[in-house]
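Written out below as structure tokens is the structure these notes cover.
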Amino acid sequence: QLNSITSTVYSPTNGNAVGSFIDTVWLDSSTNSYILGSYFQLDNNTNGITEINSIVRSGFADVASVSAAWTFASGVYSGAEDGYRLRDPSRSDYVPGTYSATTAANGGYLDLDKIAIRTDVSIGEDNPNSGLYLLSVSADNFKYSLVSNAVHIVQGASTSEGGRIRQDMFLSGFAVTMVPEAESYAMMMAGLALIGTIARRRKSA
């Protein structure tokens, strides 16, 4: 494990705490890959957040390939049909109102900066957490960092479930960024040196 952060999630409706989100990054030395692991726990469903339907990560625009895995634990919770209910990852954002897992899987909402994974976290349905989902990316020429608003947690709107309204929560999380190649870094430093020289000449003129 390289790093981990735990965030309290607050309801946009009244500012009260509704749960927690844990984000962790590991380095798999056997494949030289970063593994980003996320977990959401819903502790309170009386503050406007009754269900979590999607967890969306940002920061993958420079990453050519992302592998996803997630826990499936049928029968862990009484009445929870699919256990943790974490599924259908795609390189897309959450699209309100019209979201379809099939459309997302076929690239219909393509957004290379985002990875969206569907879930169905609900205390009322005996399924209070998302389980763990993992995203693996190559660490070659990449570094990881903690970024504000890297994770978007969504409660989708639903007229069939008591008129539930859409709620959006944004949290800090880990993202990967490309490390400049040596040639690009050298060119950048040379450019900065040139700018400094020009500024000094202007000042002395």
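Here, each number is a calculation from the coordinates, and none is a lab measurement. Being a predicted model, the structure only gives us computed values, none of them experimental. Glycine also receives a Cβ, built like all others from the backbone with ideal geometry; neighbour counts cover every protein chain displayed.
The mean sequence distance of close C-alpha pairs (under 8 Å, at least 6 residues apart), as a share of the length of segment 1-133, puts its relative contact order at 26 percent. Between R85 and A73, the built amide H atoms are under 5 Å apart, and every one of these is 5 or more places off in sequence or on another chain. Note on T6 and N44: their simple-model spin labels are 1.7 nm apart, each label 7 Å out from Cα toward Cβ. With both labels modelled 7 Å from their Cα along Cα-to-Cβ, the A105 to A17 distance reads 3.8 nm. Once both labels are positioned 7 Å from their Cα atoms along Cα-to-Cβ, the gap between S138 and L27 label points is 1.8 nm. For the modelled label position 7 Å from the Cα of D113 along Cα-to-Cβ, which residues of segment 15-56 have backbone nitrogen atoms closer than 19 Å? Answer for segment 15-56: 55-56.
Panel order for E51, E125, E161, by other beta carbons found within 10 Å of each beta carbon, from fewest to most: E161, E125, E51.
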